[in-house]
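The values are calculated or read from the model by the stated rules, or taken from the named source; none is laboratory data. These figures come from a predicted structure and were not determined experimentally. Methodologically, a virtual Cβ is constructed for each residue, glycine included, from the backbone with ideal geometry; neighbour enumeration extends over all protein chains shown. Accessible surface is based on the protein model in full, side chains and every heavy atom, while ligands, DNA and RNA are left aside. Shrake-Rupley method; radii C 1.70, N 1.55, O 1.52, S 1.80 Å.
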Amino acid sequence: PPHGPQLLNTRYYIMNNESTHVLSLYRIGWCLLIWKDCVTGLSREERAYQYVLTHATPGDPDSILDAFDIWCSKVEFISNIGPKKGKILDRLLMEQSPLTVLELGAHCGYSTVRIAQALPLGARLYSVEMDQRNAAIAEKIIRLAGFDDDTLIVSPSDEVIPQLRSNYGLEKLDFVFMDHWKKCYAPDLQMLEGSGLLGKGSMIVADNVLFPGAPKFLRHIRKSGLYEWRVHRATLEYSKGIRDGMAELIYQGIK
């Protein structure tokens, strides 16, 4: 049997093959979803919205999240944070009790509703979504849940972040949730650092840092020395076998 370096090489080969196989299946799934979008004339987010609209109770955030979870786990995959990692997000929000929250990547409103219901009275949530079609769905979902005071900004994150102070009057961000394009995680975090909106104790939570993965983001937080951080190990939303993780960062400021 293999031992020492030989054993390590064998394990690496197996893990690498598993990752390649999982990624291939993931890509095939996305291709099938795109094909279905073309056939039905509706995006998967619009199909999910129609299901939520007919199966959830208006004004009941939990009912809306449950309807999404049923659709995404049994009918069509949508990259919401999902219920398992969602509970970690809920706990972090309740522990922090942030008054000013920035969400990068509202998608179709699932995480927006999840965040909004965990916030204390008087808190403000600013959600950013660059895709106009998805933003229109998110707007409907947010209103369906009964959260009329949240601000939805339809624009790319790298255009919004520099304007948060001048256009929206923000002085400090207590909490940031990232779930948009993974390649944007690192540059957007650096932009937030340079904006002066992060204060000591500000929390940043970033989903999917292991799958599909955000290696440049993880490299930056390791090397910058600006954060206390950890990765909450989990599986990809609505799946059992794909390993993923959600990063939790606490900004310490420049030392």
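By the Kirkwood approach, averaging reciprocal distances over each pair of separate Cα atoms, region 130-180 gets a hydrodynamic radius of 12.4 Å.
Once the Cα gyration tensor of region 80-251 is diagonalised, what are the square roots of 5 times its eigenvalues, in whole Å and ordered largest first, as equivalent ellipsoid semi-axes? The answer is 21, 20, 16 Å, longest axis first. At full extension, Asp158 and Thr57 could sit 32.8 nm farther apart than now, given 0.36 nm per residue minus the alpha carbon distance. Taking every DSSP bridge with both residues inside region 80-251, close to 45 percent are antiparallel. In the context of the full set of protein chains, region 107-255 has a per residue accessible area of 46 Å² (1.4 Å probe).
Taken along its three principal axes, the alpha carbon spread of region 96-167 comes to 28, 26, 17 Å, from the longest extent down to the shortest. On full extension, the segment bounded by Glu228 and Asp149 gains 25.2 nm, given 0.36 nm per residue less the C-alpha separation.
Put simply, the amide H of Leu173, placed in the peptide plane, has neighbours under 5 Å in Leu198, Gly199, leaving out anything fewer than 5 places away on its chain.
Residues of region 183-212 falling in the label zone of Lys172, defined by backbone nitrogen less than 18 Å from a point 7 Å along Cα to beta-carbon, are 192-205. Extension gain for Arg165-Lys74 works out to 28.6 nm (0.36 nm per residue, less the C-alpha to C-alpha distance).
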